[in-house]
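Notes for the one structure printed next.
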Amino acid sequence: MGISEEYQTELFPYAYNILGSVDDAPDVIQDVIANHIESNPNNIYNESAYLIKSVINKSINLKQRSKKMVGQATWLPEPIATENADQKINSEEIISYAMLVLLEYLKPKERAVFLLKQAFDYSHQEIAEIFSITIEASRQLLSRAKETLKKHGSDFNLKTTSSVDVLPKYVDIIRKGDVKMLEEMLSGSITALADGGEKVKKLSAFTFGPKAVAALAIKGSVFLKKSRIEFGKLNHLPTLLFYKGDTLICCQIFELETDTGKI
């Protein structure tokens with residue numbers, strides 16, 4: 001087994017959770033490993049720690065550039081299959097999609113510090129060493145990250161998981177066009193975010209509240225009727241997968257309230 005295969009599973013969650021991109025994460029890892037091989041790896045005392053640090057810093061730099069290019073446009077992270085996941089991916093270290101969306105409110109370094117502390121259980125001493133900052137600076141970055149996330153209702157639950165049992169009822173209600181019954185399935189604080197091309201842009205990129213979201217879902221039901229639908233999980237959350245023939249063309253990912261089971 002080469003060095004690339006050996007570290008792929010270990011490094012992927014760090015790159016993906018920071019970038020929110022399935023395509024960019026492997027590229028970052030390959031670049032880091034290639035540079036490492038071309039240098040003198042025999043001088044590295046802890047190869048794993050060195051590669052993790054390199055992947056984290058390269059991911060932050062790429063995330064900063066990506067945010068500048070995206071600007072104010074709505075952009076949602078790329079989801080990844082955590083049900084029957086690829087063997088090269090440690091799905092337990094992939095955070096939930098709901099949290100991945102919320103992390104977009106953070107600056108890249110705040111995001112990385114938050115993930116290292118909350119998801120990977122790093123100490124502030126270890127985080128400080130990775131970024132060549134003081135322990136106090138690490139604490140401040142974490143504090144700012146938490147403050148920002150609290151404004152958007154985050155309870156810092158990175159590993160949320162939900163059953164897909166609610167999805168058949170949801171699909172059935174939408175197909176019937178029963179707005180009132182759909183509203184009853186939705187949380188009072190529900191938010192719907194859309195991203196993914198011209199068909200989605202014809203609907204709303206941001207919709208808040210049961211009435212508005214239910215109306216949006218019913219309006220988009222023609223798309224649901226034209227597609228083959230499968231139930232699955234992406235980033236640990238229940239997902240509707242829309243297929244045209246054998247091609248996956250769209251997905252809807254749902255977070256459920258733990259106490260009420262509402263969407």
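Here are a few things to note about the model shown:
- Against the conditions (1) open to solvent by 80 Å² or more (accessible area, probe 1.4 Å); (2) at pLDDT 80 or above; (3) of a type in the set (Ser, Thr, Tyr), Ser59 satisfies every one except (1).
- Residue list for the stretch 62-81, restricted to those being open to solvent by less than 20 Å² (accessible area, probe 1.4 Å) and either at pLDDT 95 or above or not aliphatic (A, V, I, L, M) (or both): Lys63, Pro77
- Residue that is modelled with pLDDT of 90 or more, open to solvent by 40 Å² or more (accessible area, probe 1.4 Å) and at negative phi, where the choices are Thr258, Thr239, Thr247: Thr247
- Scanning the stretch 100-128 for residues being touching a residue at least 60 places away in the same chain (Cβ under 8 Å), of a type outside the set (Val, Ile, Thr) and in a helix (DSSP H, G or I) gives a total of 8.
- Within the stretch 170-184, tally of residues that are farther than 15 Å from Ser221 by Cα and open to solvent by less than 20 Å² (accessible area, probe 1.4 Å): 0
- Residue satisfying condition, being in contact with a Pro (Cβ under 7 Å, 6 or more places away or on another chain), at pLDDT 90 or above and open to solvent by less than 70 Å² (accessible area, probe 1.4 Å), within set Leu102, Leu116, Leu142, Leu167: Leu167
- Scanning the stretch 205-263 for residues that are in contact (Cβ under 8 Å) with a residue 40 or more places away in the chain and of a type in the set (Lys, Arg) turns up Lys225, Lys233, Lys262.
- The lone exception for Tyr50 - which of (1) at pLDDT 90 or above; (2) outside any helix (DSSP H, G or I); (3) open to solvent by 40 Å² or more (accessible area, probe 1.4 Å) it fails: (2)
- If the condition is being in a loop (DSSP other than H, G, I, E, B) and not charged (D, E, K, R), then the stretch 217-263 contributes Gly220, Ser227, Asn235, His236, Gly245, Phe254, Leu256, Thr258, Thr260, Gly261, Ile263.
- Positions within the stretch 145-154 being modelled with pLDDT under 80 and either within 16 Å of the chain's Cα centre (by Cα) or crowded, with 17+ Cβ neighbours inside 10 Å (or both), in sequence order: Ser154
The values are calculated or read from the model by the stated rules, or taken from the named source; none is laboratory data. Because the structure is a prediction, the values reported are computed rather than measured. Virtual Cβ from ideal backbone geometry, glycine too; neighbours counted across all protein chains shown. Surface accessibility is based on the protein's heavy atoms, side chains included, excluding ligands, DNA and RNA. Shrake-Rupley method; radii C 1.70, N 1.55, O 1.52, S 1.80 Å.
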